[in-house]
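The values are calculated or read from the model by the stated rules, or taken from the named source; none is laboratory data. The shown structure was predicted, so the numbers you read here are calculated from the model rather than taken from an experiment. Here the Cβ positions follow ideal geometry from the backbone for every residue, glycine too, while neighbour counts run over all protein chains shown. With ligands, DNA and RNA removed, areas are computed over all heavy atoms of the protein, side chains included. Shrake-Rupley method; radii C 1.70, N 1.55, O 1.52, S 1.80 Å.
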Amino acid sequence: SQNFNQMVKNIKLYQDKLLSSEREKSELELASRIQTCLLPAIPEREFYEITATMIPAAEVGGDYYDLICESNGRIWFGIGDVSGHGLTSGLIMMMAQTAFNTILLNDPNISSSELIARVNKVMYQNIKQRLGEDHFMTLSFMVANQDGTIQFSGAHLDILVYRANTKKVERVLTSGVWLGLIPDIFENTTENQFRLEKDDIMLLYTDGLIEATNKNNEQYDM
């Protein structure tokens, strides 16, 4: 914990001292490689087929996804986006990943709503008190059970579910508070759920997907 706190201070201090544009470019490329290396491996599971990809718009971005498989067959997903771009946003993204993994490792039976609230406490302290920044983060956590039930919390973008039975896309609304704005969001966070049937597809995404544009520079949107 002390080493991680010191690392945060050192990275912030080092960022402020970058003078040369060439050196700044090389450091951003290094940070981008570190960020890419932290992305999770895609596992093979009995009840779910999973795939994921991330293409940063800049050398270092604030987009985040993660997944953790439990021994009982459940799968935890995290999806989010830090405001802004650059080294600070990338650093905050890595803080969220560390908090997600650490809290879940110590309390594997935690609910998604309590997980979000506890991660927010860590994020608020790091963003406001240690970094002294005004960034915030949209974030949703969800856990997929073997029977297809998905329990989720957090105010990231709405979840899209393609229903194989009706061949239509269902929009599952998310709700809550963005992370890093206030120290405690427990009372404003609820856990919701829906169910995936055989051959249904759940899509999690960040705004880089819906803000992509066509040849007329018009966003595709939802």
**Report entry** Structure-based [θ]222 nm, the chain - -39500 (n - 2.57) summed over DSSP H runs of at least 4, per residue, nearest 500
**Finding:** -10000 deg cm²/dmol
Query raised in the report: So for the chain, taking the charge dipole from beta-carbon charges (+1 Lys/Arg, -1 Asp/Glu), which of 64, 43, 89 sits furthest toward the positive end?
Result: 89
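So, in the chain, how many Lys pairs have Cα atoms under 18 Å apart, if the pair is 8 or more places apart or on different chains? Walk me through the numbers on the way to the answer.
Details: 9/17; 9/128; 12/25; 12/128; 17/25; 167/198; 168/198.
Summing the qualifying lysine pairs gives 7.
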Query raised in the report: Where Rh is the Kirkwood radius over the Cα pairs of the stretch 40-131, the temperature 25 °C and the viscosity 0.890 mPa s, what D in µm²/s does Stokes-Einstein return?
Result: 171
Query - Cα-based helix-to-principal-axis angle, 21-37 vs the chain, degrees rounded to 10 - result: 30
Query raised in the report: In the stretch 40-186, what percent of the accessible surface is made up of carbon and sulfur (1.4 Å probe, ligands and nucleic acids excluded)?
Result: 51
Query - Debye equation applied to the C-alpha atoms of the chain, log10 I(q)/I(0) at 0.10, 0.13, 0.17 Å⁻¹ - result: -0.48, -0.80, -1.30
**Report entry** Per residue value of the accessible surface for the chain (all protein chains in place, 1.4 Å probe), Å²
**Finding:** 58
Requested in this report: In debye, nearest 20, what is the charge dipole magnitude of the chain about its Cα centre with +1 on Lys and Arg Cβ and -1 on Asp and Glu Cβ, if you could check?
Outcome: 320
Query raised in the report: Based on Cα positions only, what radius of gyration and what Dmax would you give for the stretch 136-213, in angstroms?
Result: 13.9, 43
